[in-house]
Amino acid sequence: MTGRFAASRETLADLLDGEPRYRIDQVWAALHSPRLDPFEWSELPTAMRAMIAERLPTQLEAVRESHADDGQTVKTLWRLDDGGLIESVLMHYPDRSTLCVSSQVGCAMGCSFCATGQAGFTRHLTTGEIVEQVARARAAAQATDRRLSNVVFMGMGEPLANEPNLWPAIETIHHEYGLSARHITVSTVGMIPGIRLLAERPLPVTLAVSLHAADDTTRTRLVPINSRYPIADLMDACRYYLEKRRRRISFEWALIAGVNDTREQAEALADLCRQLRPIAHVNLIPLNDTPGYPVRGSARSVVDSFRSTLEGRGVSATVRRTRGDEIAAACGQLAASVSPPRRR
Ligand code: SAH
Ligand code: SF4
């Protein structure tokens, strides 16, 4: 059965066999409106609403909601039809919201410092499961008078390992939810074939590459897939994306004390950024704690001097504000586990 949020117009036409075209248009519009429950679609006959609810089921069941930052950061744990668990994180700003979406149950890339990687891979999310996270977040944002303005694929999973399901989801988010391509960010660990594929797709989404180290030895230790897709080849793929898109790429860099926060790493990173036109931007994230990785994030003073080294070499860098770390909702902390009941 197709998930409700991945149903095509053709699927609707089949379901509504014999109904006039305007009905199909009405159902399509209702399906992508913020009214998530078909029983609220009062423009449609009751029997039709009931049929859609039954034949096009939703695929996410909220198991738990955790709040941080005075309610401005909301992490939701979702259960899928097969019992799989994923998380998404909604971050509210004064008049808009950003959603951090999952693309897989777990992740096969095994980055040592990431809670999702530590949990291993279960399966890809379907297009419907990806879009439903966005549909629900948009409704939640609107309920607080905010607009869902950005979607970032920085939740659980490697989006470019699931490109065939990811791309139709991006098209729906763009066409039906009104987000411009630049406000949809795909973050990748550096899957070169996926970057090249994305460069050919019809919408110029924003690309973020999780670099984390500027030499292959250090990077392979942190990001094992680097042994298959080393830095020089990754830079070629980034150049290809830029040629096709003419839009700045950003490099993500989790600062890990004593591992990748030295002056030499900052200088080598600046050289990599300057190889690209326009020069890549750097997002610095002091490493968030995860259960399976003993090393800590860099101290604030080290973060600041790393940033000054980059800026001294003409590379702009932003230090990301960590949101939701007390509810394990920050970058790299999503593990989607149902915590065992506390012993008394
Ligand atoms: N798989 C994709 C997207 C999901 S991870 C990727 O790796 O890019 C989203 C971001 O969180 C990536 O930049 C990732 O490197 C970063 N990240 C992972 N673990 C982290 C941690 N413990 N602290 C800070 N950032 C982390
Ligand atoms: Fe997967 Fe990204 Fe985590 Fe690496 S950092 S294990 S690619 S989710």
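Among the residues of segment 264-280, are any within 22 Å of the chain's Cα centre (by Cα) and assigned to a strand (DSSP E or B)?
Restricting attention to segment 264-280, the residues satisfying the condition of being within 22 Å of the chain's Cα centre (by Cα) are 280.
If we keep only those that are assigned to a strand (DSSP E or B) too, we end up with none.
Checking segment 264-280: not a single residue is within 22 Å of the chain's Cα centre (by Cα) and assigned to a strand (DSSP E or B).
Got a sec? Which of GLU87, GLU129 is away from ligand 2 (no atom under 16 Å from the Cβ) and either farther than 30 Å from LEU222 by Cα or of a type in the set (D, E, K, R) (or both)? Before the answer, list the steps.
Numbers: GLU87 fails: away from ligand 2 (no atom under 16 Å from the Cβ).
Just one listed residue meets the conditions, GLU129.
Give me a count of the residues in segment 59-113 that are charged (D, E, K, R) and buried (at least 20 other Cβ atoms within 10 Å of the Cβ).
Qualifying residue count, segment 59-113: 2.
Going residue by residue through segment 145-157, is there one that turns out to be outside any strand (DSSP E or B), more than 9 Å from ligand 2 (Cβ to nearest atom) and in contact (Cβ under 8 Å) with a residue 24 or more places away in the chain? Talk me through it step by step, then tell me what you get.
So the first thing to find is which residues in segment 145-157 are outside any strand (DSSP E or B), and the list is 145-146, 154-157.
From the residues that got through so far, the ones that are more than 9 Å from ligand 2 (Cβ to nearest atom) too are 145-146.
Now narrow it down to the ones that are in contact (Cβ under 8 Å) with a residue 24 or more places away in the chain: 145-146.
Yes; the residues of segment 145-157 include at least one that is outside any strand (DSSP E or B), more than 9 Å from ligand 2 (Cβ to nearest atom) and in contact (Cβ under 8 Å) with a residue 24 or more places away in the chain.
Got a sec? Which of ALA199, ALA181, ALA169 is assigned by TED's automatic domain parsing to the domain that holds THR220, more than 22 Å from GLU129 (Cα to Cα) and buried (at least 16 other Cβ atoms within 10 Å of the Cβ)?
Only one candidate qualifies: ALA199.
Under 13 Å from the mean Cα position of the chain (by Cα) and either among the β-branched types (Val, Ile, Thr) or not in a strand (DSSP E or B) (or both): is that true of GLU171 in this structure?
No: the conditions fail for GLU171.
Just the residues that are over 17 Å from LEU334 (Cα atoms) and outside any loop (DSSP other than H, G, I, E, B), please, taken from segment 70-86.
The answer is ASP70, GLY71.
The values are calculated or read from the model by the stated rules, or taken from the named source; none is laboratory data. A quick note: this is a predicted structure, and the numbers were derived from the prediction, not measured. Cβ coordinates were reconstructed from backbone atoms using ideal geometry, including for glycine residues, and neighbour counts include every protein chain displayed.
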